[in-house]
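The values are calculated or read from the model by the stated rules, or taken from the named source; none is laboratory data. Note that the structure is predicted; figures quoted are calculated from it, not measured. So basically every Cβ, Gly included, is an ideal-geometry build from the backbone, and we count neighbours across all protein chains shown.
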Amino acid sequence: MKALLFAGIVCVLKYATPSVVWFVFLSLLCACAYPVLHLQWFRDPVYRALSFDRKMYVVSNTIKGYTLAVCSPIAVFLLYECLHGVWNTRRILVLGHIYAVLDAVSLCMVERMQVSTVVHHLAVVLVHAQNCLQDFEEDTYARCSVIYAIFSCFAFQVNLQLARRFDQPHFHSAYVVYILCCGFNWAWQLWYALTHPVSTLGVLWWLFMAAIVYDDVHLIRWLHAQL
């Protein structure tokens, strides 16, 4: 299944365009995965005992975790390109489509979501909508969101562990991974802010980032409490 998912994402990155049609198509594909995964999880007695909103929470994090895991090798290649001055707008936006779709569909499918998480997901979708108007070959603050999304892919283990949170999993490795990803991420964001002049887009990005970082800190504190 993972190999099929990886092949599908590679095909999307190769042939898709960063258009509204592709965003809608990927959203429908993601939404259809919910009932399929729900039926697979239903064989687990712990899962069956959960309320419906918690079941959707488990499904949502499972889908996001596996999708980000499969995207991670591609994200490594994209990070290498970006750090060497190659910012491929089409590839960045298509991968952004995938990332934003996960959060957009989750907002529709999961009830009783933490307020900080709702704000985080909304910020991701709005940032991606803004990014679709950008040319990443130009050195603007839009590049900050690319780096943030890349490091978020590397933290896929957190989502997979959160999907098992009702089955008493161990969060030690997820906590370490998340701390490292956030640390490197925030350091790069700070470096960019200190080495580039302030712009309207930059102020807008930092407003969105404040909402995203707030949720990240909330999750770090929660993971630490589970140790």
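Looking only at region 31-51, decide whether some residue is buried (at least 21 other Cβ atoms within 10 Å of the Cβ), in contact with a helix residue (DSSP H, G or I) (Cβ under 8 Å, 6 or more places away or on another chain) and either of a type outside the set (V, I, T) or touching a residue at least 40 places away in the same chain (Cβ under 8 Å) (or both). Looking through region 31-51, none of the residues is buried (at least 21 other Cβ atoms within 10 Å of the Cβ), in contact with a helix residue (DSSP H, G or I) (Cβ under 8 Å, 6 or more places away or on another chain) and either of a type outside the set (V, I, T) or touching a residue at least 40 places away in the same chain (Cβ under 8 Å) (or both).
Just the residues that are under 12 Å from the mean Cα position of the chain (by Cα) and hydroxyl-bearing (S, T, Y), please, taken from region 38-61. Within region 38-61, S60 is the sole residue that qualifies. Considering V86, V110, V58, the condition of being among the aliphatic types (A, V, I, L, M) and without any contact (Cβ under 8 Å) to a residue 12 or more places away in the chain is satisfied by V86 alone.
Looking only at residues in region 106-144 that are within 11 Å of the chain's Cα centre (by Cα) and within 15 Å of L93 (Cβ to Cβ), the one that is surrounded by the fewest Cβ atoms within 10 Å (Cβ to Cβ) is V125. In region 1-30, the qualifying residues are those that are buried (at least 17 other Cβ atoms within 10 Å of the Cβ), among the aliphatic types (A, V, I, L, M) and in a helix (DSSP H, G or I), and the one that is modelled with the lowest pLDDT is L13. The set of residues in region 145-154 that are within 13 Å of F184 (Cβ to Cβ) and either crowded, with 22+ Cβ neighbours inside 10 Å or of a type in the set (V, I, T) (or both) comprises I147, Y148, I150, S152, C153. Restricting attention to region 194-205 and to residues that are without any contact (Cβ under 8 Å) to a residue 24 or more places away in the chain and in a helix (DSSP H, G or I), the residue that is farthest from L223 (Cα to Cα) turns out to be T200.
Residues in region 165-192 that are in a loop (DSSP other than H, G, I, E, B) and either surrounded by fewer than 19 Cβ atoms within 10 Å (Cβ to Cβ) or at pLDDT 95 or above (or both): Q168, P169, H170.
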